[in-house]
Amino acid sequence: MDPVRFHLAFPVTDIEQAKAFYAQGLGCEVGRETRHSVIFNLAGHQLVAHLTPAPLEGQNGIYPRHAGLIFAQESQWQEMAAQAEAAGLSFFQPPRWRFVGAITEHGTFFLQDPFGNLLEFKYYRHPEAIFGAHEFGEIGDREVEHP
């Protein structure tokens with residue numbers, strides 16, 4: 001059975017800048033491209049950057065909107081953080097650990113692309129917490145009030 005893939009479309013104001021961030025910075029393979037859009041392969045998932053003439057506004061924090069990857073191995077998460085740092089990508093939040101000692105403990109960091117889009121990269125110490133651990137009400141940051 002073929003894998004199910006995730007698709008995400010997002011706005012950009014410059015295709016070349018998008019390629020520099022996603023292809024050169026994150027290491028995404030570049031797929032089809034027009035002067036109005038470009039497809040990226042992020043770990044087997046399809047990201048499509050669409051050119052928009054409208055001014056883009058970034059968020060003040062990580063909520064409500066971001067997308068990203070959950071790594072199966074801590075080493076993969078660390079390698080992505082090192083790759084992003086080596087490429088000079090903009091960290092919206094540097095690597096850190098949330099909920100230390102709890103079943104929901106996970107490493108996280110956020111990158112911000114040149115257009116204000118946020119990407120989160122995570123690694124859970126306990127994989128069952130990705131979808132399970134229903135008895136824990138913790139989602140996101142304790143100290144951040146959600147909108």
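Helix 74-86 sits at what angle to the longest principal axis of the chain, using alpha carbons and giving 0 to 90 degrees rounded to 10?
For helix 74-86, the angle is close to 40 degrees.
Which far-off residues, 5 or more places away or on another chain, put their amide H under 5 Å from the one on residue 37, with H placed in the peptide plane?
Sorted by chain and number, the residues that satisfy this are 51.
So which GluC sites (Glu not before Pro) in the stretch 73-113 pass both tests, a DSSP loop state and at most 12 other Cβ atoms within 10 Å of the Cβ? Could the numbers behind the result be given before it?
On the way: sites: 74, 79, 85, 105; in loops: 105.
Within the stretch 73-113, no GluC sites (Glu not before Pro) qualify (loop, at most 12 other Cβ atoms within 10 Å).
When the convex hull of the C-alpha atoms of the stretch 37-83 is computed, what volume per residue in Å³ does it have?
127 Å³
Using packing as a proxy for protection, rank 7-16, 42-51 so that the peptide with the highest average count of other Cβ atoms within 10 Å comes first.
Ranking, from highest mean packing down: 42-51, 7-16.
May I ask you to derive the FRET efficiency for residue 17 and residue 85 from their Cβ-Cβ distance with R0 = 22 Å, giving the value to the nearest 0.05?
0.70
Kindly provide the trypsin sites (Lys or Arg not before Pro) of the stretch 1-109 that DSSP labels as loop, not H, G, I, E or B, and whose Cβ sees at most 12 other Cβ atoms within 10 Å.
Here the trypsin sites (Lys or Arg not before Pro) that fit, given the DSSP loop and packing criteria, are 5, 35, 65.
Figure the gain on full extension for residue 57 and residue 97 (residue separation times 0.36 nm, minus the Cα-Cα span) and round it to one decimal in nm. Write down the numbers at each step before the final one.
On the way: separation 40, 0.36 × 40 = 14.40 nm, distance 2.79 nm.
Working it through step by step, the gained length comes to 11.6 nm.
Give me 75, 37 sorted ascending by neighbouring Cβ count inside 10 Å, so fewest comes first.
75, 37
Values in this text are rule-based calculations from the coordinates and carry no lab data. Keep in mind that what you see is a predicted model, and the values were worked out from it rather than measured. A quick note on method: Cβ atoms are made from the backbone with ideal geometry, for glycine too, and the neighbour counts reach across all protein chains shown.
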